[in-house]
Amino acid sequence: MRNVSINLLDDAPRPGVAIGTGYCPGYLLPRHTDRRAQLLYGATGGMQVSTHDGNWVVPPQRAVWIPPGVAHEVLMLGVSTRSLYIEPGAVDLGERCQVIRVSPLMRHLLMEAVESPQTYDLTGRDGVLIDLLLHELVRSAPLPLHIPLPSDGRLLELCQTFLHQPNAHQSPQQWADQLHVSLRTFNRLFRQQTGLSFSQWLQQARVVLALARLAAGEAVARIALDFGDESPAAFWTMLRRILGQAPSVWLEAAN
């Protein structure tokens, strides 16, 4: 099924319903909730998923798990998606979003699943296909492409400002001064709210944001300059060190 709203299929008495959808570059899917869990896969292009507690970047050929009932919005970066909407309880990958690897088998299953009819035969080929897809989903490995956001309103505002203007030269003392607290209090608050140190969070945020822009086809030199890095080569080396491989390899679409 392609370009069909889940609202028309949500009540289908099936554990999984697959839909294929194409989006224009820059299209923002407004914040909403779904009764079912969603496995959102980018067959082409990238995506950015935002919820109340974080942001996730989804490079091409990866997917994001969105639990049932979690309010989310999605920025589409010229993407063609395949979504599997899953009945609550059929699969449980946790109560928070996570970006996951997509095995070659899972990718082919997703591409085939969108061709299944709404009320496919549970004991026939399509039913077995969906069942195998759910098994593959349980075995999938998560990827560290999450930017945790604090619940503290003052700190959240600073974090969101950074995400819009990621300046590599900002220091924890500058943030502490804006919150009118000591550096020690700031560091303690930041770790309590995000689970990361300030430097870890900045590095994680820069990597995730850079991957989103690289997936959209932007040049690494342009991204490095926007992030305040004077050396694109050093910026690329940093990305490679964190990812464990060249960003171009990380983002390369599998055939």
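The values are calculated or read from the model by the stated rules, or taken from the named source; none is laboratory data. Note that the structure is predicted; figures quoted are calculated from it, not measured. Using ideal geometry, Cβ is built from the backbone for each residue, glycine included, and neighbour counts are taken over all protein chains shown.
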**Prompt:** Tell me, which strands (runs of 3 or more DSSP E) lie completely within the range 8-70 with 3 or more residues that are within 17 Å of L84 (Cα to Cα) and of a type in the set (A, V, I, L, M)?
**Reply:** 16-22, 37-51, 63-66
**Fill in**
Counting only residues that are surrounded by fewer than 16 Cβ atoms within 10 Å (Cβ to Cβ) and in contact with a strand residue (DSSP E or B) (Cβ under 9 Å, 6 or more places away or on another chain), the range 96-123 contains a total of 5
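Among the residues that make up the range 134-145, is at least one of them assigned to a strand (DSSP E or B), touching a strand residue (DSSP E or B) at 6+ places or on another chain (Cβ under 8 Å) and closer than 21 Å to V64 by Cα?
The initial filter retains those residues of the range 134-145 that are assigned to a strand (DSSP E or B), namely 142-143.
Now drop any that are not touching a strand residue (DSSP E or B) at 6+ places or on another chain (Cβ under 8 Å), which leaves 142-143.
Next cut, closer than 21 Å to V64 by Cα only: 142-143.
Checked the range 134-145: at least one residue is assigned to a strand (DSSP E or B), touching a strand residue (DSSP E or B) at 6+ places or on another chain (Cβ under 8 Å) and closer than 21 Å to V64 by Cα.
Which ones in the range 92-143 are among the hydroxyl-bearing types (S, T, Y) and under 29 Å from S50 (Cβ atoms)?
Correct list: S103, S140.
Please count how many residues of the range 177-198 are touching a residue at least 12 places away in the same chain (Cβ under 8 Å) and part of a helix (DSSP H, G or I). Lay out the reasoning, then the answer.
Of the residues in the range 177-198, the ones touching a residue at least 12 places away in the same chain (Cβ under 8 Å) are 178-179, 186-187, 189-190, 193-196, 198.
Narrowing the set further to residues that are part of a helix (DSSP H, G or I) leaves 178-179, 186-187, 189-190, 193-194, 198.
Total meeting the criteria: 9.
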**Request:** Assess whether I242 counts as being surrounded by 14 or more Cβ atoms within 10 Å (Cβ to Cβ) and modelled with pLDDT of 85 or more.
**Result:** no
**Message:** Between Y23, Y41, which is farther than 27 Å from E157 by Cβ, among the hydroxyl-bearing types (S, T, Y), in contact with a strand residue (DSSP E or B) (Cβ under 6 Å, 6 or more places away or on another chain) and modelled with pLDDT under 90?
**Reply:** Y23
**Request:** Take I86 and decide whether it is more than 25 Å from T194 (Cα to Cα), modelled with pLDDT of 95 or more, crowded, with 23+ Cβ neighbours inside 10 Å and not hydroxyl-bearing (S, T, Y).
**Result:** yes
**Asked** Looking at this structure, is W236 in contact (Cβ under 8 Å) with a residue 24 or more places away in the chain and buried (at least 19 other Cβ atoms within 10 Å of the Cβ)?
**Response** no
**Message:** Tell me the residue from D92, D126, D177 that is among the acidic types (D, E) and surrounded by 15 or more Cβ atoms within 10 Å (Cβ to Cβ), please.
**Reply:** D126
